[in-house]
Amino acid sequence: MNAVRQSRATIKDVAREAGVSAMTVSNVINNKTQFVGAAARARVEEAIARLGYRRQSSARNLRGQGPRSIGMVIVDESPAFLANFFTAQLVAGLANVLNRADWTLTLSGLHPDQLAASNLMRTYDVGGLCAMVSGERAARHDIVRRLSDLGQPVVLFQEVVETDGRDLCLVRQDDRGGGRRVGAHLARLGVSRVLAMLPRQSWPAIENRLGGLGQGLGAEPADVLRVDHDDFSAVQEALRLWIAENGLPGAVWGANDQIASAALLHLLDRGVAVPGAVRVVGFNDFPAHRHARPRLTTLASPAYELGERAGEAMLKRLETGRFETQDLCLPVAFLAGETG
């Protein structure tokens, strides 16, 4: 147990540090700011940051007191963080498991720049945290470190980090294995040039898929194009400009199905034979794409099951005091389709 957990600050400590009453501190952390002057609030918030104070409910939850709620934070640059099918399915699986056990899910979407000053880091009153974090690797790992230091059990989605000494469970799918399966498939077909189209925003799953693709191909793809994957027209325009400069690739691999579908329709609209001239492969197997023809070659993600397994792991942790395993990795399935 680290020193932070051994000497956790209390409301009285914060009050003493800020030179205010405990009631004033309570009003600040409960957002009853109409009762607190601006200067006093600033001193309290500074004291909270210096002392690392954070209201805890996990112990009360174990005793059957307090809110029976688990927090889910998605650190994402996009305000439409639930528009992604994978994320929506994962959250649904998590929420349903918790609800059946008479727990609730408190969901927050935060821009990476907002996390440090957020209510999550100060007074988030939940029994445990689940998190899915975007951004460059060093920034993501720093966020995971800060979440782990809050002294609550954490379930982390789609990331691989060191778990030793942490109250932390990794729940992920085999993105690297899936990427490797795509690369081996294209290499076996003799495809000589693969254009990898990735979201502009960095996610650990995308990094692993790209790494696996290179392993399957036998070399990292030389052609990588980052796009605004939420903007269908922007994906198509980026591909148009790339082809105008470089010519047609042997295959387009979209790191998710939104990108692959936009690329596929662009190629078909310009009269390119798919898969005759260019092969197209996606990742995630969104149900909406099953109604289109030609059927996209892709990999099926167990997104809903990931959420379920995370909920089960968290509930078991709250019951027993420890995670049974700290790394749950589910397989993805290759779907041959008609485009790859």
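The values are calculated or read from the model by the stated rules, or taken from the named source; none is laboratory data. Because the structure is predicted, anything quoted here is derived from the model rather than measured. Because the Cβ atoms are built from the backbone with ideal geometry, glycine has one as well, and the counts that use them run over all protein chains shown.
Would you be able to tell me the number of residues in region 1-22 that are modelled with pLDDT under 80 and more than 30 Å from Arg322 (Cβ to Cβ)? Summing the residues that are modelled with pLDDT under 80 and more than 30 Å from Arg322 (Cβ to Cβ) in region 1-22 gives 1.
Looking at region 122-147 only, could you name the residues that are in contact with a Leu (Cβ under 9 Å, 6 or more places away or on another chain) and within 23 Å of Gln201 (Cβ to Cβ)? Hits for region 122-147 are Leu129, Cys130, Ala131, Met132, Val133, Ile143, Val144, Arg146, Leu147. Only a single item in (1) touching a residue at least 40 places away in the same chain (Cβ under 8 Å); (2) crowded, with 19+ Cβ neighbours inside 10 Å is not met by Arg295, and it is number (2). Within region 205-234, the set of residues being touching an Asp or Glu at 6+ places or on another chain (Cβ under 7 Å) and either hydrophobic (A, V, I, L, M, F, W, C) or assigned to a loop (DSSP other than H, G, I, E, B) (or both) comprises Ala205, Ala234. Within region 150-195, being closer than 23 Å to His111 by Cβ, assigned to a loop (DSSP other than H, G, I, E, B) and either touching a helix residue (DSSP H, G or I) at 6+ places or on another chain (Cβ under 6 Å) or of a type in the set (Val, Ile, Thr) (or both) holds for Gln152, Gln158, Glu159, Val161.
Among the candidates Glu324, Glu305, Glu319, Glu312, the residue that is part of a loop (DSSP other than H, G, I, E, B) and surrounded by fewer than 24 Cβ atoms within 10 Å (Cβ to Cβ) is uniquely Glu324.
When Val191 is tested against (1) among the β-branched types (Val, Ile, Thr); (2) touching a Lys or Arg at 6+ places or on another chain (Cβ under 8 Å); (3) outside the structural domain of Gly214 (by TED's automatic domain parsing), exactly one condition is not met: (3). Among the candidates Leu198, Leu98, Leu105, Leu210, the residue that is in contact with a helix residue (DSSP H, G or I) (Cβ under 6 Å, 6 or more places away or on another chain), under 16 Å from Asn256 (Cα atoms) and of a type in the set (A, V, I, L, M, F, W, C) is uniquely Leu198. For region 69-110, the candidate set comprises residues that are touching a residue at least 40 places away in the same chain (Cβ under 8 Å) and in a strand (DSSP E or B); within that set, the residue that is surrounded by the fewest Cβ atoms within 10 Å (Cβ to Cβ) is Ser69. Of all residues in region 232-263, exactly one satisfies the criterion of being under 21 Å from Arg209 (Cα atoms) and either among the acidic types (Asp, Glu) or loosely packed, with under 15 Cβ neighbours inside 10 Å (or both), namely Asp257.
The residues in region 142-172 that are within 14 Å of the chain's Cα centre (by Cα) and basic (Lys, Arg) can be counted, and the count is 1. For region 173-209, a residue qualifies if it is within 14 Å of the chain's Cα centre (by Cα) and hydrophobic (A, V, I, L, M, F, W, C), and the qualifying residues are Trp203, Ala205, Ile206. With respect to the conditions (1) surrounded by 22 or more Cβ atoms within 10 Å (Cβ to Cβ); (2) assigned to a loop (DSSP other than H, G, I, E, B); (3) not charged (D, E, K, R), Ala277 lacks only one, and its number is (1).
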